[in-house]
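Everything on this sheet refers to the single structure shown next.
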Amino acid sequence: MAPKATDPSIDSRPGRRIAHLDMDAFFASVELLERPELKGLPLVVGGPRRRPGSEPGHGMRLGDYRGRGVATTCTYEARAFGVRSGMGLMKAAALAPEALLLPANFEAYRRSSAAFKAAAVAIAPVMEDRGIDEIFLDLTEVPGESRELGMRLKVAVREATGLTCSVGITPNKLLSKIASELQKPDGLTILSQDEVPTRIWPLAISVINGVGPKAAEKLRSLGLETVGQVAAANPAELIGHFGQSYGRWLFEAAHGRHDSPLVTSRDPKSISRETTFERDLHPKADREQLSKILLDLCTRLAGDLARQHVLAKGVGIKLRYEDFRTVTRDVTLVRPSRDPEALREAARACLKRVDLDRKLRLLGVKAGTLVEEGGFLGEFQPGLFED
Ligand SMILES: [Mg+2]
């Protein structure tokens, strides 16, 4: 058997090499493909979406924007003013009034995304799809030295899309996702297990995918701010504060130890419906209006499921509070369903597990763990789901 192309410097499990590819400022960069004259300017994408097939709009001066839209993404030039993806456009307008606001053009983004992924799998066929602009690739069986492979991937993506991506190649998914961020934009970072103490431990613990704002806050209160400080912590103490599974996971992750496999096919996918309200609504004071909105979302979601001939085994909700904090909750149905009533009941069960004392600006319902229809069209029976 031909010797495997090993790169001794990055083997946690001998020969394992995982690449994370992340397109740079993806949506904004796709917009610049169509409007190269805007290169180098502060550009924000957001607000009402561009209708499929419609001519590229001229956009508007961000300072003139009035509304409740959110910035989907922005160029590095706009980030220099403090604008960030997910920020309210009114807030962004205050920071960068002279920036240009363009409507999101998802048709073009999907086209570029497909070209990006096709170029990557032509070199490394084992891929985990992580969304419109990022993927994992398993390079373990792909011949060639890591840096050369990384460059080949970047060149192939650039030729196929006209866009740059940043790449991290390490022994596992956790480290590769951190590595691809280290030299953005247009970066290529190769990192071995042995380099974790020098190149990862100095970083903030929040660079680890899976350490959210709440966990980071709690760690900070324990005096643990960097990856290295968590790695040096007593694992029993971490388990004491975060529980057996998360505490243990945190300690291992801080040592860069993580060997979850690539999820190469993500079926079943999830389907969601969400809406941003005209004005912030209070869960108690606007209860009637909110339950109408919830039923409407569930009814439209049920229609989406019917059109795809699938049923949901999982239902989730997404809430965005007036301060833009977002929470999600999920439940599992005992019987797969797409009955609007069943979806609503499940969503209500999720709502019982979130703080409903503050105003909301967005509500979403997600149908997950989808299964093909056939033999599951039984009617909804109350109490059929578990937390
Ligand atoms: Mg990206």
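The values are calculated or read from the model by the stated rules, or taken from the named source; none is laboratory data. Please read these numbers as outputs of a predicted model, since none were measured by experiment. Neighbour counts are summed over all protein chains in view; Cβ atoms, including those assigned to glycine, are modelled from backbone coordinates with ideal geometry. What goes into the accessible areas is simple: the full protein's heavy atoms, side chains included, and nothing from ligands, DNA or RNA. Shrake-Rupley method; radii C 1.70, N 1.55, O 1.52, S 1.80 Å.
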When segment 184-198 is examined, which residues are found to be open to solvent by 10 Å² or more (accessible area, probe 1.4 Å) and modelled with pLDDT of 95 or more? Asp186, Leu188, Ile190, Gln193, Asp194, Glu195, Pro197, Thr198
Residues located in segment 214-264, provided they are among the polar types (S, T, N, Q), open to solvent by 70 Å² or more (accessible area, probe 1.4 Å) and at pLDDT below 95: Gln244, Ser245, Thr264
Are there any pairs, at least 6 apart or on different chains, whose C-beta atoms fall under 8 Å, with the first in segment 148-168 and within 12 Å of the ligand (Cβ to nearest atom) and outside any helix (DSSP H, G or I) and the second small (Gly, Ala, Ser) and open to solvent by 10 Å² or more (accessible area, probe 1.4 Å), and if so, which? Leu163/Ser29; Leu163/Ser112; Thr164/Ser29
The residue that is farthest from Val331 (Cα to Cα), considering only those in segment 353-375 that are in contact with a His (Cβ under 9 Å, 6 or more places away or on another chain) and modelled with pLDDT under 85, is Gly374
Residue count for segment 227-267, restricted to those that are in a loop (DSSP other than H, G, I, E, B), free of Cβ contacts under 8 Å to residues at least 40 places away in the same chain and under 23 Å from the mean Cα position of the chain (by Cα): 2
Can you name the number of the only condition in (1) over 23 Å from Glu225 (Cα atoms); (2) within 13 Å of the ligand (Cβ to nearest atom); (3) crowded, with 19+ Cβ neighbours inside 10 Å that Ala119 fails? (2)
Yes or no: Phe116 in contact with a helix residue (DSSP H, G or I) (Cβ under 8 Å, 6 or more places away or on another chain) and part of a helix (DSSP H, G or I)? yes
Checking the structure you have, find out if any residue of segment 165-172 is farther than 23 Å from Pro36 by Cβ and over 20 Å from the mean Cα position of the chain (by Cα). yes
Identify the residue in segment 128-140 that is within 16 Å of the ligand (Cβ to nearest atom) and of a type outside the set (Asp, Glu) and, among all such residues, is surrounded by the fewest Cβ atoms within 10 Å (Cβ to Cβ). Gly131
